[in-house]
Amino acid sequence: EPEVTQTPSHQVTQMGQEVILRCVPISNHLYFYWYRQILGQKVEFLVSFYNNEISEKSEIFDDQFSVERPDGSNFTLKIRSTKLEDSAMYFCASTGTGSSEAFFGQGTRLTVV
Amino acid sequence: KQEVTQIPAALSVPEGENLVLNCSFTDSAIYNLQWFRQDPGKGLTSLLLIQSSQREQTSGRLNASLDKSSGRSTLYIAASQPGDSATYLCALPRGTGTASKLTFGTGTRLQVTL
């Protein structure tokens, strides 16, 4: 069964460092998303991406964040200068055109120290 | 702004019981509703997607219902098993397009005991 894959599963970084979280969405999907979940809190939307551009972003997605689809398969989230409050589980998701069912990856746990 | 609430926040039942999880939403102009399962420290597994035109959707021991007019959805789990222990989340897209962001509920943490 097709699935969304994310790497790494866990990343520890020092405050102020740049991190790149990687995702491979389901191959025939066209809509891509990043969400995050701070420990004990709700899953929150960060950004959606379609046709090589951001279609929507939340107030959380400030200038420190960027997304890119560098090739035909990868979808990345970059955080330029990490802060302690960026520590969270980051989820990638994708949806297709025929159905709006969202499929999520297993997440990357980002720990900023 | 869509607000999604799930009650109860936590539930513990003995194995074999049937149970109902509740999801309430404030804006009834929805496109669909999706139920997910999340194991501790893990990702989100899609369980059921119920379209706004449907009233029910079934998958195995799971049955989701949707009542748009009252802003409610329920997830019914029949004959619960210890392996069903997880957090269950409901989520709704804003708007009607496939590119819509999901708004998640707070989740119900289910424990099924032997």
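Could you list, in sequence order, all residues of segment B:40-67 that are surrounded by fewer than 17 Cβ atoms within 10 Å (Cβ to Cβ), assigned to a loop (DSSP other than H, G, I, E, B) and modelled with pLDDT under 95?
Within segment B:40-67, B:P40, B:G41, B:K42, B:S52, B:S53, B:Q54, B:R55 qualify.
For segment A:94-113, name all the residues that are closer than 28 Å to B:S52 by Cβ and either touching a His at 6+ places or on another chain (Cβ under 7 Å) or facing another protein chain (nearest Cβ under 8 Å) (or both). Step through it out loud before you land on a result.
Taking segment A:94-113 as the starting set, the residues that turn out to be closer than 28 Å to B:S52 by Cβ are A:94-105.
If the condition is that a residue be closer than 28 Å to B:S52 by Cβ and either touching a His at 6+ places or on another chain (Cβ under 7 Å) or facing another protein chain (nearest Cβ under 8 Å) (or both), then A:S94, A:T95, A:G96, A:T97, A:S99, A:S100, A:E101, A:A102, A:F103, A:F104, A:G105 are the ones that fit.
Rundown of residues vs (1) part of a loop (DSSP other than H, G, I, E, B); (2) under 23 Å from B:Q38 (Cα atoms), yes/no style:
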| position | (1), (2) |
| --- | --- |
| A:H29 | yes, yes |
| A:F49 | no, no |
| A:K78 | no, no |
| A:S94 | no, yes |
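Restricting segment B:96-114 to residues that are within 14 Å of another protein chain (Cβ to nearest Cβ) and farther than 15 Å from B:V4 by Cβ, which is surrounded by the fewest Cβ atoms within 10 Å (Cβ to Cβ)?
Per the stated criteria, the residue is B:T96.
Name every residue in segment A:64-98 that is over 15 Å from the mean Cα position of the chain (by Cα) and surrounded by fewer than 12 Cβ atoms within 10 Å (Cβ to Cβ), in order of residue number. Lay out the reasoning, then the answer.
Within segment A:64-98, the first condition is being over 15 Å from the mean Cα position of the chain (by Cα), and the residues that meet it are A:71-72, A:81, A:83-85, A:96-98.
Those that are over 15 Å from the mean Cα position of the chain (by Cα) and surrounded by fewer than 12 Cβ atoms within 10 Å (Cβ to Cβ): A:D71, A:G72, A:K83, A:L84, A:E85, A:T97, A:G98.
A:A93 versus (1) among the small types (G, A, S); (2) in contact with a strand residue (DSSP E or B) (Cβ under 7 Å, 6 or more places away or on another chain); (3) farther than 23 Å from B:T103 by Cα: which is the lone unmet condition?
Result: A:A93 passes all but (3).
Which pairs turn up if I take residues in segment B:29-49 that are facing another protein chain (nearest Cβ under 7 Å) and look for partners that are buried (at least 16 other Cβ atoms within 10 Å of the Cβ) and of a type in the set (F, W, Y) with beta carbon separation below 7 Å, at least 6 apart in sequence or on another chain?
Note: pairs meeting the criteria are B:G43/A:F91; B:G43/A:F104; B:L44/A:F91; B:L44/A:F104; B:L44/B:F36; B:S46/A:F103; B:S46/B:F36.
Hey, among the residues in segment A:38-52 that are facing another protein chain (nearest Cβ under 9 Å) and over 27 Å from A:D71 (Cα atoms), which one's surrounded by the fewest Cβ atoms within 10 Å (Cβ to Cβ)?
Only one residue fits best here, namely A:Q41.
Would you mind finding the one in B:R109, B:R61, B:R72 that is over 18 Å from B:A9 (Cα atoms) and touching a residue at least 12 places away in the same chain (Cβ under 8 Å)? Outline the logic, then answer.
Working: B:R109 fails: over 18 Å from B:A9 (Cα atoms); B:R72 fails: over 18 Å from B:A9 (Cα atoms).
Every option except B:R61 fails the conditions.
Criterion first (in contact (Cβ under 8 Å) with a residue 24 or more places away in the chain, within 25 Å of A:S48 (Cβ to Cβ) and aliphatic (A, V, I, L, M)) does B:L66 satisfy it? I'd like the intermediate steps shown before the answer.
Numbers: in contact (Cβ under 8 Å) with a residue 24 or more places away in the chain: yes; within 25 Å of A:S48 (Cβ to Cβ): yes; aliphatic (A, V, I, L, M): yes.
Spelling it out, B:L66 is indeed in contact (Cβ under 8 Å) with a residue 24 or more places away in the chain, within 25 Å of A:S48 (Cβ to Cβ) and aliphatic (A, V, I, L, M).
The values are calculated or read from the model by the stated rules, or taken from the named source; none is laboratory data. Everything quoted here is computed from the prediction, not taken from an experiment. With ideal geometry, Cβ positions are generated from the backbone for all residues, glycine too; neighbour counts draw on all protein chains shown.
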